[in-house]
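The values are calculated or read from the model by the stated rules, or taken from the named source; none is laboratory data. Model, not experiment: these values are computed from the prediction. Don't worry about glycine lacking a Cβ; one is built from the backbone with ideal geometry, like all the others, and counts go over all protein chains shown.
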Amino acid sequence: MRFEGWLGKVGGSPLVDLRLFKNSTFVVGLAMAFLFYCISVFFLTFGIYLQSGLGWTSLASGIGILPFAFGFFAGTLRSAKLYARIGNHILSVGFGLLAGGFAVTAGSLYAGFGPGIIFYLGLICAGVGQGLLQPSTVRIVLTEVEPGQAGLAAGVVTSTLQVGAAVGVAAVGTVFFTVLGQQATARAYGNAFASALAVAAFLQVLGMLLATRMNHRNRARTKVQAPVAAIQSPE
């Protein structure tokens with residue numbers, strides 16, 4: 001980081017322009033992107049639960065994730081129109097749906113139910129949440145960056161997403177295998193999967209809180225700037 005800062009000061013082209021991190025909205029956006037992609041653990045643990053815990057075949061497991069995929073498809077299709085109506089609040093909605101969906105699915109497993117209506121309703125809800133967040137996160141974060149820094153900022157955001165995915169699999173995946181232990185029953189796998197989903201849901205709640213805070217700050221900044229712009233504009 002010191003080298004990147006020095007390179008920028010001497011007129012070079014740093015791989016990461018540290019001035020980006022002086023933008024608080026951009027930093028909050030990176031945190032949201034990181035938390036969002038921590039849900040990658042879902043795709044790992046869901047397959048393990050279905051195949052090792054319930055004995056489903058690979059084909060059946062692939063079909064089993066379709067409700068989540070349908071929710072994702074629907075959320076993606078509606079994201080542009082919803083963004084036009086509520087703006088950056090789409091992030092709060094997306095994080096909320098992800099957290100709520102995972103919580104419902106985890107709750108059904110903790111209650112001792114296997115894949116059923118409640119289980120898949122939760123996954124559909126979570127899929128819609130991901131569909132809303134996937135195209136919106138990068139776009140909203142980059143709108144807060146100067147046009148000349150957009151390329152660098154996009155690279156930083158993309159790298160943050162990949163780091164979030166890796167940390168999600170490593171850290172939250174550890175929760176799954178710790179809860180599972182040496183047990184090999186379907187109920188044990190269900191509880192382990194539910195625990196991983198509960199942690200993922202908690203991380204999405206943190207993302208929702210960050211999104212809400214960012215929106216409040218942007219609204220306050222707009223209220224401050226509006227009177228100034230009115231004074232400066234010619235009559």
> Would you pick out the residues in region 50-100 that are of a type in the set (Val, Ile, Thr), assigned to a helix (DSSP H, G or I) and surrounded by fewer than 17 Cβ atoms within 10 Å (Cβ to Cβ)?
Replying inline: Ile63, Ile86
>> Is it the case, given these coordinates, that Thr25 is in contact with an Asp or Glu (Cβ under 7 Å, 6 or more places away or on another chain) and surrounded by 14 or more Cβ atoms within 10 Å (Cβ to Cβ)?
In response: yes
> Here are Phe36, Phe68, Phe46: which of them is touching a Gly at 6+ places or on another chain (Cβ under 7 Å) and modelled with pLDDT of 95 or more?
Replying inline: Phe68
> Is it true that some residue in region 174-197 is part of a helix (DSSP H, G or I) and under 16 Å from Val27 (Cα atoms)?
Replying inline: no
>> Based on this model, can you work out whether Thr105 counts as surrounded by 17 or more Cβ atoms within 10 Å (Cβ to Cβ), of a type in the set (Val, Ile, Thr) and in contact (Cβ under 8 Å) with a residue 60 or more places away in the chain?
In response: yes
> Name the residues in region 109-133 that are among the small types (Gly, Ala, Ser), farther than 24 Å from Arg219 by Cα and touching a residue at least 40 places away in the same chain (Cβ under 8 Å), would you?
Replying inline: Gly112, Gly114, Ala126, Gly127, Gly131
> Is it true that some residue in region 152-163 is hydrophobic (A, V, I, L, M, F, W, C), farther than 27 Å from Val93 by Cα and part of a helix (DSSP H, G or I)?
Replying inline: yes
